[in-house]
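Here the structure comes first, spelled out in structure tokens, and everything after it is commentary.
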Amino acid sequence: MNNDICMFGLTKSGKTSMIRVIFQKLEIFRTFQLDPTNRMESVTVNLGSHIHFKIYEFSGHYDLNDSQPPEIAAMETCSLMIYVIDSQAEPFNEAVQYLRQAIQTVKQRSPHCECHCFIHKVDPDIEDNKKNELLQQIQKDISDELSKNSMNYIKVDFHVTSIFDHSYLEHFSKVIQRILPYSQSIQTLLDSFNLSCKIEKSFLFEIYSKLYLASDSQHFHSTNFQLCSEMIDVFIDVTCIYGKLDDAGQSQIKLSDGSILIYQTVNEGISLISIMKSENLERPFLLEYNINQFRQGLAQIFKIK
Amino acid sequence: MSQNENKMKKMLLMGQHKVGKSSMHSIIFANTPPNQVMQIGLTVDVNQNLFKFLDIKLNFLDCGGQDKLLQEYFTTQKSTIFSNVEVLIYMFDVDKEGDLFIKELNDFKTIVTYLSEYSSGAIVFVLIHKFDKIKESERKIVFERKYKEIIQRADGLNIEIKDVFPTSIWDETLFKAWSQIVQKLIPNINVIKESLKAFCQTCSCEEVVLFEKSTFLIIDIQETTEKKDIQKYERLSNIIKQFKLTCMKTQANIQSITVKSEKFTVYIDEFTENTFIMLAYTDPSIYPAAISHNVHHAQKLFESIQGSDTDKLKYLIQRRP
């Protein structure tokens, strides 16, 4: 078993859109023009120079009872399964049944595969109580379906996502972290870095996909994540205008509430973005020293396979 | 009459039903990100929006585009709508062809005709919108074809079409068009240009750009090297504005942005009460702190430019070493 990911979900649930937007930089407004996926597609993902895995996207029409050898082989290498449900396509019976069947099929080939469910298209204009209703309803439907089929022991993690805000990035990141062997070690390293510089929150991002590979153990706030992932765009766009895309560099953004965002290239495609209070940034040389320490620590972690 | 008492400038925003007038206005002025404009309802009748750009008070009349409203504008409300207009911004939908395009052109001609009767000094800007729907390879041809038809319709009328822009809410073209439009409205733009030029030379940086604070539209650009690609500044407006919108969710505003690599340093900071300034250097040895010092030094001079006596300013500029 490798560390690959397989994605299932009915047609038009949003699987291809998410993959194209995250990994192929498709503009969000162009996702409406995508054709349905008709056969299994695979995408090779490279995050920085150390992280490689494949995502196998199964068509919404995929007949789970009719698995061909390449599809079987794909499922056998997967340690993680993502099922995407379109929350705007009620009723959910068909989606829920297909989920149950997909889990059964994948677990046959890869018994230790983790199951994650994206409750997708929960767009930003939907009110919070409606979002909670949807989450509860779908969780219950799935739980009932699994019970009916004596699959109570199967753990499914739920994520509420939309392509129109940062939730798709946040949750895709959290799922990817399940297949990375280093997340815990990097978290410890980040905790130590934060402490040395009085930093409130740090994220280690892969900048082309904008997925975060690790974060410190401080509480996760969506707004912090949003600001940091948007900062990547500022850095990349300005760098493209005045230099080349691959240039390493740093950036600082000061905000009116006294916080400062610090972006620092760590190595190929990987950057560290931290949030701190600007009054704590009194000794920039200290920050630079600690970032170098962090780089070295990270290089050590990546060496251990 | 004191210099500070400037009257409101009336800006007409017109175009067919659902072409995107209100969405566009909302993105540039009221800080709505593009993926939330679906929630903007249909404009019924005329929406008035006041906006202060630098010291200039802009009064936007966003006129609903449904046919029956157009009929009212052309008859009962004719003089109310078309008098005392400073600028007309007319939007075409690039997707409309054949009869629909002809209808747009005819409405446009009627509007421009009435405008020339009631506000003979008004200037007209035309936006051909939703260009994201056209394939890259076809954009030039489509634009040139439509441009010809539009200019021809206004031929012979006593009105000036200042410019025609291809625009889309999904890229920087909207910022480009609006930067040009607002630049025409700034009364002392020449003084600002001269001062910025002097500042750029004194600082020995490659580029200086002055942005309006809340819209991030470009007021002026000065470069010490040969004229390069203007489009990049419009992309900067777009990028910074996007980030600003995310910040607003946390109730915070941008104070300054620095991006530094081996090959360049870009420094963006709050400047006067309603502007931001950007400096770009390719000399990697310059420290952001030095840039910031120069900027704060120049702030006082620029504060005095806005809404003040032009002669006093010219004196101030000439006095600098």
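Is it the case that region A:222-229 has a residue that's more than 14 Å from chain B (Cβ to nearest Cβ), over 22 Å from B:Asn238 (Cβ atoms) and in contact (Cβ under 8 Å) with a residue 24 or more places away in the chain? Checked against the condition, which is being more than 14 Å from chain B (Cβ to nearest Cβ), over 22 Å from B:Asn238 (Cβ atoms) and in contact (Cβ under 8 Å) with a residue 24 or more places away in the chain, region A:222-229 yields no hits at all.
Per the listing A:Thr11, A:Thr37, the residue uniquely surrounded by 13 or more Cβ atoms within 10 Å (Cβ to Cβ), touching a Pro at 6+ places or on another chain (Cβ under 6 Å) and either free of Cβ contacts under 8 Å to residues at least 40 places away in the same chain or in a loop (DSSP other than H, G, I, E, B) (or both) is A:Thr11. For B:Ser292, the conditions (1) more than 9 Å from chain A (Cβ to nearest Cβ); (2) not in a helix (DSSP H, G or I) are fulfilled apart from (2). The strands (runs of 3 or more DSSP E) found wholly in region B:1-113 and carrying at least 3 residues that are under 22 Å from B:Ile159 (Cβ atoms) and at pLDDT 75 or above occupy B:9-15, B:56-63, B:85-93. Taking the criterion of being more than 8 Å from chain B (Cβ to nearest Cβ) and either small (Gly, Ala, Ser) or on the phi > 0 side of the Ramachandran plot (or both), the residues of region A:246-275 that qualify are A:Gly258, A:Gly269, A:Ser271, A:Ser274. Only a single criterion out of (1) at the interface with chain B (Cβ under 8 Å from one of its Cβ atoms); (2) at pLDDT 95 or above is not satisfied by A:Phe203, namely (1). Looking at B:Thr202, B:Thr272, just one residue is surrounded by fewer than 17 Cβ atoms within 10 Å (Cβ to Cβ), more than 11 Å from chain A (Cβ to nearest Cβ) and either modelled with pLDDT under 85 or part of a strand (DSSP E or B) (or both), and that residue is B:Thr202.
Could you please let me know if B:Leu210 is aliphatic (A, V, I, L, M) and either more than 24 Å from B:Val182 (Cα to Cα) or within 14 Å of chain A (Cβ to nearest Cβ) (or both)? The answer is no for B:Leu210. If the condition is being at the interface with chain A (Cβ under 7 Å from one of its Cβ atoms) and in contact (Cβ under 8 Å) with a residue 60 or more places away in the chain, then region B:221-238 contributes only B:Arg235.
One residue stands out among those in region B:239-256 that are crowded, with 19+ Cβ neighbours inside 10 Å and within 13 Å of A:Asp237 (Cα to Cα): the one that is farthest from the other protein chains (Cβ to nearest Cβ), which is B:Lys241. At least 3 residues being of a type in the set (Ser, Thr, Tyr) is the threshold, and among the strands (runs of 3 or more DSSP E) wholly inside region A:201-305 those reaching it are A:259-267. For A:Leu64, state whether it is more than 23 Å from A:Phe205 (Cα to Cα) and aliphatic (A, V, I, L, M). Judged against the criteria, A:Leu64 is a match.
All conditions but one from (1) more than 13 Å from chain B (Cβ to nearest Cβ); (2) over 21 Å from A:Leu47 (Cα atoms); (3) among the small types (Gly, Ala, Ser) apply to A:Ser278; the one that does not is (1).
What residue, among those in region B:258-269 that are in a loop (DSSP other than H, G, I, E, B) and of a type in the set (D, E, K, R), is farthest from the other protein chains (Cβ to nearest Cβ)? Going through the qualifying residues, I end up with B:Glu262.
Would you confirm whether or not region B:184-192 contains a residue that is free of Cβ contacts under 8 Å to residues at least 40 places away in the same chain and closer than 26 Å to B:Ala298 by Cα?
yes
This table checks each residue for (1) assigned by TED's automatic domain parsing to the domain that holds A:Ile291; (2) in contact with a helix residue (DSSP H, G or I) (Cβ under 6 Å, 6 or more places away or on another chain); (3) surrounded by fewer than 20 Cβ atoms within 10 Å (Cβ to Cβ).
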{"site": "A:Tyr208", "(1), (2), (3)": "yes, no, yes"}
{"site": "A:Leu211", "(1), (2), (3)": "yes, yes, no"}
{"site": "A:Thr223", "(1), (2), (3)": "yes, no, yes"}
{"site": "A:Cys228", "(1), (2), (3)": "yes, no, no"}
{"site": "A:Lys244", "(1), (2), (3)": "yes, no, yes"}
{"site": "A:Ser271", "(1), (2), (3)": "yes, no, no"}
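Quick check on this structure: which one of B:Gln255, B:Gln299, B:Gln222 is of a type in the set (S, T, N, Q), under 18 Å from the mean Cα position of the chain (by Cα) and not in a loop (DSSP other than H, G, I, E, B)?
Values: B:Gln255 fails: under 18 Å from the mean Cα position of the chain (by Cα); B:Gln299 fails: under 18 Å from the mean Cα position of the chain (by Cα).
Going through B:Gln255, B:Gln299, B:Gln222 in turn, just one is of a type in the set (S, T, N, Q), under 18 Å from the mean Cα position of the chain (by Cα) and not in a loop (DSSP other than H, G, I, E, B): B:Gln222.
Residues in region A:90-113 that are surrounded by 15 or more Cβ atoms within 10 Å (Cβ to Cβ) and either among the β-branched types (Val, Ile, Thr) or over 18 Å from A:Ser147 (Cβ atoms) (or both): A:Val96, A:Ile103, A:Thr105, A:Val106, A:Arg109, A:Ser110, A:Cys113. The one condition from (1) in the same structural domain as A:Gln293 (by TED's automatic domain parsing); (2) basic (Lys, Arg); (3) buried (at least 16 other Cβ atoms within 10 Å of the Cβ) that A:Lys174 does not meet is (1).
The values are calculated or read from the model by the stated rules, or taken from the named source; none is laboratory data. Keep in mind it's a predicted model, so treat the numbers as computed, not measured. Virtual Cβ from ideal backbone geometry, glycine too; neighbours counted across all protein chains shown.
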